[in-house]
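The structure appears right after this line, and notes come after that.
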Amino acid sequence: MPNSLEVKNLSVERSNRGIIKDLSLSLAGGHLVHLKGANGSGKTTFLRALAGLIDPSHGKIFWNKKNINERPFSQSCLNYVSHSLGLAEELTTLENLSFLRAISRKTLNKTVEASLEAMNLKSFQDYRVAILSAGQKQRASLAQLLMFNCPLWLLDEPFNSLDTESCGVIESLIDDHISNGGIAIVASHQKFQSSTVQKVVELK
């Protein structure tokens with residue numbers, strides 16, 4: 001069965017303030033959304049709600065026709081890459097991804113080493129994250145997109161700190177994911193190139 005994501009009249013409050021108000025969205029496999037908006041407009045809040053990390057104050061989210069607030073996402077469905085990166089600074093890049101692989105039930109697509117090599121980080125795999133540049137940390141976090149095979153990608157500012165070449169690598173990964181029937185929602189201040197069908201959602 002093709003994958004689908006449906007958001008119905010979603011509202012989310014934080015500290016008694018409405019962040020997301022009555023947002024609806026319907027996506028099928030092969031759909032890409034560019035999520036735009038100024039800082040504080042709710043991009044991260046929306047992605048966290050879609051990932052099942054925040055309960056909506058109103059509305060429902062359905063993955064493959066099932067309400068995720070009643071039946072949370074299986075780990076195998078979702079790749080959520082936060083703008084906070086989620087890397088342990090005292091561990092090496094190899095140790096970070098190896099730990100992530102060890103605790104995850106997601107389907108493995110590439111080995112840890114192959115994922116780091118594809119992100120041009122093989123020569124840095126034994127370096128502690130603390131001494132890496134901002135761009136290298138970003139690529140290390142995004143390596144999980146290669147490592148795991150998940151139909152839904154939720155990406156929060158994935159192009160931050162990346163040079164032009166690295167941005168092109170991530171854009172190609174997104175294109176490949178969409179062309180293979182995946183769904184991606186990408187929150188980004190930056191314009192990005194894509195050969196796939198793209199829908200723009202702007203939060204205000």
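The values are calculated or read from the model by the stated rules, or taken from the named source; none is laboratory data. Since the model is a prediction, treat every value here as computed from it, not as a measurement. Because the Cβ atoms are built from the backbone with ideal geometry, glycine has one as well, and the counts that use them run over all protein chains shown.
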Item to check | Single residue of the stretch 1-33 satisfying the filter (assigned to a loop (DSSP other than H, G, I, E, B) and among the small types (Gly, Ala, Ser)) that is farthest from Asn180 (Cα to Cα) | outcome: Ser15
Checklist outcome for this item: Considering residues that are under 20 Å from Ile131 (Cα atoms), under 19 Å from the mean Cα position of the chain (by Cα) and in a loop (DSSP other than H, G, I, E, B), the number found within the stretch 83-118 is 6
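Against the condition at pLDDT below 95 and assigned to a strand (DSSP E or B), how does Lys199 come out, does it pass?
Values: at pLDDT below 95: yes; assigned to a strand (DSSP E or B): yes.
So Lys199 fits the description; yes.
So which of Asp55, Asp22 ends up being loosely packed, with under 14 Cβ neighbours inside 10 Å, among the charged types (D, E, K, R) and on the phi > 0 side of the Ramachandran plot?
It is Asp22.
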Next on the checklist: Every residue in the stretch 119-138 that is touching a helix residue (DSSP H, G or I) at 6+ places or on another chain (Cβ under 6 Å) and closer than 21 Å to Ser194 by Cβ, please.
Outcome noted: Met119
Item to check | Extreme residue, surrounded by the most Cβ atoms within 10 Å (Cβ to Cβ), among residues of the stretch 122-166 that are among the small types (Gly, Ala, Ser) and part of a loop (DSSP other than H, G, I, E, B) | outcome: Ala143
Next on the checklist: Can you go through Leu78, Leu85 and tell me which one is touching a residue at least 24 places away in the same chain (Cβ under 8 Å) and within 21 Å of Lys137 (Cβ to Cβ)?
Outcome noted: Leu85
Checklist entry - Would the stretch 35-47 turn up any residue that is closer than 24 Å to Ser179 by Cα and assigned to a loop (DSSP other than H, G, I, E, B)? => result no
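Matching residues to (1) under 16 Å from Val33 (Cβ atoms); (2) touching a strand residue (DSSP E or B) at 6+ places or on another chain (Cβ under 9 Å); (3) not aromatic (Phe, Trp, Tyr):
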residue	(1), (2), (3)
Ala114	no, no, yes
Asp126	no, yes, yes
Ser133	no, no, yes
Ala143	no, no, yes
Leu154	yes, yes, yes
Thr164	no, no, yes
Cys167	no, no, yes
Asn180	no, no, yes
